[in-house]
Amino acid sequence: MVVLHLPEDPLDGNGAGGYDENEFHHQKLRTHRPLKRLLERIDREILAAGGKRSRSRAVVIEGFFSARDHVTIEELTRSVRESAPGIGAVTVYRTLKLLERLGYAKELDFGEGARRYESNLSPHHDHLGCRQCGMVIEFEDREIENLQDLVTRRHGFHPTAHRLEIYGFCRKCAPGNSPERFG
């Protein structure tokens with residue numbers, strides 16, 4: 001499960017508006033304060049880049065940051081259609097790509113045939129991906145991070161980013177292992 005860690009104050013202090021509580025005719029935009037401020041910051045960045053304000057995009061962005069897991073375009077589309085039935089997969093795709101370009105989302109490929117997206121706001125973590133059921137486990141390990149730092153220093157390498165994804169089988173799906181064996 002992804003735990004979304006929003007920064008204390010994701011705004012730059014200007015407090016610009018963009019979404020008011022009654023913007024949607026079919027549903028009020030109900031967000032917690034940090035998420036609402038994040039949405040406003042993203043909206044300002046889109047406007048500064050020459051983009052336009054879009055209610056559909058706002059619903060997709062809110063749905064993405066409210067998701068508890070790594071989501072596919074199809075999963076996010078189903079989720080946002082619960083409150084806004086007119087939003088299509090193309091809008092979701094374009095919005096996720098926009099969030100990726102702005103640095104708020106990252107695309108992941110766990111080898112299951114569909115790309116998944118996760119927030120770039122959560123702290124660094126690595127992934128274990130089950131090739132059978134598709135389960136993804138996030139983990140943090142200081143020893144692994146220290147070892148990666150040591151390897152890059154040893155080679156005089158200056159990393160700008162990294163990710164670790166380990167693929168195999170979870171406890172339930174491991175060949176020849178029954179779930180009871182792992183307790």
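What follows is calculated from the coordinates using simple rules that are stated; it is not laboratory data. All values derive from a computational prediction rather than experimental measurement. Don't worry about glycine lacking a Cβ; one is built from the backbone with ideal geometry, like all the others, and counts go over all protein chains shown.
Restricting to region 35-183, compute how many DSSP beta bridges are antiparallel as a %, nearest 5.
Around 70 percent antiparallel, to the nearest 5.
Sorted by packing (mean other beta-carbon atoms within 10 Å per residue), highest first, where do 57-70, 105-118, 142-155 land?
57-70, 105-118, 142-155
Once fully extended, how much extra length lies between ASP109 and THR152, figured as 0.36 nm per residue of separation less the alpha-carbon to alpha-carbon distance? Before the final figure, lay out the partial values.
Working: separation 43, 0.36 × 43 = 15.48 nm, distance 2.46 nm.
Net length gain for the segment: 13.0 nm.
If each of LYS36 and ASP69 carries a label point 7 Å out from its Cα toward its Cβ, how far apart are those two points in nm?
If labels sit at LYS36 and ASP69, their model points lie 3.0 nm apart.
Evaluate the charge dipole of region 33-118 about its Cα centre and quote only its size in Debye, nearest 20, assuming +1 on the Cβ of each Lys and Arg and -1 on the Cβ of each Asp and Glu. Kindly include the intermediate steps, with their values, before the conclusion.
Working: 18 positive and 13 negative charges, 103 e Å.
Using only the charged Cβ atoms, the result is roughly 500 debye.
For a paramagnetic label modelled at 7 Å from the Cα of CYS133 toward its Cβ, which residues of region 143-174 fall within the zone defined by backbone nitrogen distances under 12 Å?
Hits in region 143-174 for CYS133 at 12 Å: 169-174.
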